[in-house]
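Beneath this line is the structure, given in structure tokens, with notes to follow.
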Amino acid sequence: MKVLVAFASKYGSTRGIAEFIRDKLRDGGLEVDCLDVRESLNCMKYDAFVIGSALYVGHWMKEAKQFITLNIGILSSRPVWLFSSGPTGDKQVNAKGQSLLEHAVSGPVDLDDIERGINVREHRIFFGAFDPENLGYFSRQFFKTDMMRNASLAGDYRNWKEIETWANGIGQRLKDEALAPVMR
Ligand SMILES: Cc1cc2nc3c(=O)[nH]c(=O)nc-3n(C[C@H](O)[C@H](O)[C@H](O)COP(=O)(O)O)c2cc1C
């Protein structure tokens, strides 16, 4: 059972989540690669996929979507788990009281399109990390909007326990399915 964890990350925090998932799956006895979606990847050799992207302005990074489009044939026939890394801050809800773990709130707003044609087991949103030092001019304008006004959004809010539980669940499920008798 060979698993690919593929990620799209602008500033590295999503990469960190992907590498952590790789390590947990390996601890569970699976053979796992963890690669940037921009690397030219031979997806044929993998039996299952975990694909994650950082969220920017409600969307996955375009490289992650391109990866899915390019590999749609393989991803349609093998189990796929998706994750998005985005919200930051101490609050679990936005000003309207909506959960930040809902894709309609934090993104990707077009999750239905991303999932179309692939064999998705689950999509999860994890809290991410945000360093205002990384912001360029345009991003600073975005952060002045209502959605991201709060300065306390800065920091690393990745919840490793939650990510570990998710990764272990994937590993267990893959191992159970590999052991299950083939139904004829
Ligand atoms: C300009 C900008 C826009 C963002 N837009 C969103 C968003 O729409 N939804 C969200 O949950 N997080 C958003 N974030 C937070 C990032 O997704 C978060 O910082 C993420 O962990 C970054 O991942 P990376 O370090 O892998 O690039 C935004 C951050 C920036 C700088």
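No lab work stands behind these numbers, since they all come straight from the coordinates. Just so it is clear, the structure is predicted and the values come from calculations on it, not from any experiment. Note: ideal-geometry Cβ built from the backbone for every residue, glycine included; neighbour counts use all protein chains shown.
Some values worked out for this structure:
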read-out	value
Reachable lysines from LYS91, criterion Cα separation under 19 angstrom, eight or more residues apart if same chain	LYS144, LYS161
All lysines inside 18 Å of LYS2 as judged from Cα atoms, apart from same-chain residues fewer than 8 positions distant	LYS24, LYS45, LYS175
Share of pairwise Cα separations in the stretch 52-100, more than 12 Å, in percent	71 percent
Mean separation of Cα contacts under 8 Å (6+ apart) over length of the chain, as relative contact order %	23 percent
Cα radius of gyration and Dmax for the chain (Å)	16.8, 59
Computed FRET value (nearest 0.05) for ARG173 with ALA104, which takes r as the C-beta separation and R₀ as 25 Å	0.45
Viscosity 1.306 mPa s, temperature 10 °C, Stokes-Einstein D of the stretch 54-145 from Kirkwood C-alpha radius, µm²/s	110 µm²/s
Considering only the stretch 2-179, percent of DSSP beta bridges that pair antiparallel, nearest 5	15 percent
Neighbour cut-off at most 16 other Cβ (10 Å), DSSP loop, trypsin sites (Lys or Arg not before Pro), the stretch 26-108	ARG38, LYS91, LYS96
